Amino acid sequence: MSAPFPYGETWEVERTTRNDFGDNAYVVSHSIVGCAFDPGTTTEINGDRITVVSKPRGFGPYDADLRPDDRIVRPGPEPRKQRTYRIQGAIKRYKNPFNGWTPGFEVGLEQVS
């Protein structure tokens, strides 16, 4: 697996599984090394109240095992302050058609509380 960001973060990937009661639950499936996080742009919506919407993005190795229904857990600013994100939209994997270069993936993220 290539690591496009040699000083990047290591993300844990959570996948759904059925628990003992038949409900879907997220469990840590595996880790992805060499990822980068972009906090994204923010949009301020002014109506009767002020709402700020941010659109963070994630980047990582081309061949990372990701699915659209996965969740990403990335390290926080302090120990035990991890942040969990849900994948938004398609996982974009970039590959140069002329020389086969695969710089990595890009994915939209939404923070889960």
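Some values worked out for this structure:
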quantity: Matching residues in the stretch 28-57 - criterion: being under 11 Å from the mean Cα position of the chain (by Cα) and of a type in the set (K, R); calculated: R57
quantity: Conditions (1) more than 21 Å from E9 (Cα to Cα); (2) in a loop (DSSP other than H, G, I, E, B); (3) not acidic (D, E): number failed by K81; calculated: (1)
quantity: The stretch 47-69 - residue that is surrounded by 12 or more Cβ atoms within 10 Å (Cβ to Cβ) and of a type in the set (S, T, Y) and, of those, nearest to Y85 (Cα to Cα); calculated: S54
quantity: Verdict on D69 being in a strand (DSSP E or B), among the acidic types (D, E) and either at pLDDT 90 or above or under 20 Å from G8 (Cα atoms) (or both); calculated: no
quantity: Filtered residues of the stretch 1-49 (kept if of a type in the set (D, E, K, R) and in a strand (DSSP E or B)); calculated: E9, E12, E14, R15, R18, D38, E44
quantity: Pairs where the first residue, in the stretch 87-105, is among the small types (G, A, S) and the second is assigned to a strand (DSSP E or B), C-beta under 6 Å, 6+ apart; calculated: G89/G108; G104/F59; G104/G60
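The values are calculated or read from the model by the stated rules, or taken from the named source; none is laboratory data. Every value quoted in this text rests on a predicted model; they were computed, and no experiment measured them. Note that we place each Cβ from the backbone using ideal geometry, even for glycine, and neighbour counts take in every protein chain shown.
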